[in-house]
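*Asks:* Sending over a structure as structure tokens; questions will come in a sec.
The values are calculated or read from the model by the stated rules, or taken from the named source; none is laboratory data. Everything numeric in this text was worked out from a predicted model, so none of it was measured. Note that we place each Cβ from the backbone using ideal geometry, even for glycine, and neighbour counts take in every protein chain shown.
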């Protein structure tokens, strides 16, 4: 059964194919406009105002997206076959203020405009001028995609609540039993184990929700709500500070190396997810480091990339496994990971977050020599928000 990752990949592939198709159609239409103006060929014989150029008409007939041509006074003069099953869609779009402005802009100045779909207006729209004072509008309905995304979001939220509620109740009951059980008794041992498993279930639910959110937004175009420009170096320093207590508990030391580069560490993306990803790298290093071993965390900028490096002195990762460890639920040492409370999703969240921000996550390691994980994202030229 294919998981949400494959669904996200399919959505992205379909979106890329649609965008490529629309791009080719618009390129052909632009070429036709240029030809009609005599830039690449002589001017053709005049045609009736409402008559569409045969080449343009053939092109519009062949595309699977609804296309409408407007003539003088913005009167509808042509629709392609795909329009027949999408008449309600086009009627809905025509009532939008943006669409009316786009038509007038194309009519008066010949300027082509487009608008990507959003949750409020779930249609990709492309508007451009044609020869003979005509305008073509191509509309791609994304309603079903946004409806599916909303249903998925609701399901994840509900499932998270339904799993966390009993897990919390089990944990409280088990803790109460531990307090009343005789020290060293079987009841105490089993109760402590129950508390650990309940906590692990809570962590697993949290990570599944996080991974689903990152993958869902990665396959969506409506992501501006949570984008901001922020200082990656400051975020990394904050994450390290928040993990010092955990490191002390297990007997390892975290050293944050202050950046020596004078460049900007500004990046654009979801700051919360970025800090979760860095936190996952730090927690992973803590989990696999032997007692007393140092962990170094550093940030640098080079080639327009801001990179976060987390180096540990753990068991290392064999070369043939260095891609697999970023897969969901993959564990190098299942028993050790479960004992430490790991879910097997931490590194997958790191890579998905990095790729969502336009970067990637990698590891350099040799067995027995520790590992250095790197999260790299594009530097932002925009000012701090």
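*Asks:* In this structure, is residue 117 in contact (Cβ under 8 Å) with a residue 24 or more places away in the chain and under 24 Å from residue 206 (Cα atoms)? Lay out the reasoning, then the answer.
*Replies:* Details: in contact (Cβ under 8 Å) with a residue 24 or more places away in the chain: yes; under 24 Å from residue 206 (Cα atoms): no.
No, not satisfied.
*Asks:* Just one of the numbered conditions (1) at pLDDT below 90; (2) closer than 10 Å to residue 312 by Cα is not true of residue 259; which one?
*Replies:* Going through (1) at pLDDT below 90; (2) closer than 10 Å to residue 312 by Cα one by one, residue 259 breaks only (2).
*Asks:* Does segment 354-377 contain any residue that is part of a helix (DSSP H, G or I) and at pLDDT 90 or above?
*Replies:* We begin by selecting, within segment 354-377, every residue part of a helix (DSSP H, G or I); these are 354-356.
Filter once more, keeping what is at pLDDT 90 or above: 354-355.
Yes: segment 354-377 contains one or more residues that are part of a helix (DSSP H, G or I) and at pLDDT 90 or above.
Residue by residue, here is whether (1) at pLDDT 75 or above; (2) buried (at least 18 other Cβ atoms within 10 Å of the Cβ); (3) assigned to a helix (DSSP H, G or I); (4) not assigned by TED's automatic domain parsing to the domain that holds residue 327 holds:
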{"site": "152", "(1), (2), (3), (4)": "no, no, yes, yes"}
{"site": "164", "(1), (2), (3), (4)": "no, no, yes, yes"}
{"site": "171", "(1), (2), (3), (4)": "yes, yes, yes, yes"}
{"site": "175", "(1), (2), (3), (4)": "yes, no, yes, yes"}
{"site": "187", "(1), (2), (3), (4)": "yes, no, yes, yes"}
{"site": "191", "(1), (2), (3), (4)": "yes, yes, yes, yes"}
{"site": "208", "(1), (2), (3), (4)": "no, yes, yes, yes"}
{"site": "215", "(1), (2), (3), (4)": "no, yes, yes, yes"}
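*Asks:* Report those strands (runs of 3 or more DSSP E) wholly inside segment 92-142 carrying at least 2 residues which are touching a helix residue (DSSP H, G or I) at 6+ places or on another chain (Cβ under 9 Å) and surrounded by fewer than 18 Cβ atoms within 10 Å (Cβ to Cβ).
*Replies:* Numbers: elements: 113-115, 123-130, 134-141.
So the answer is 113-115.
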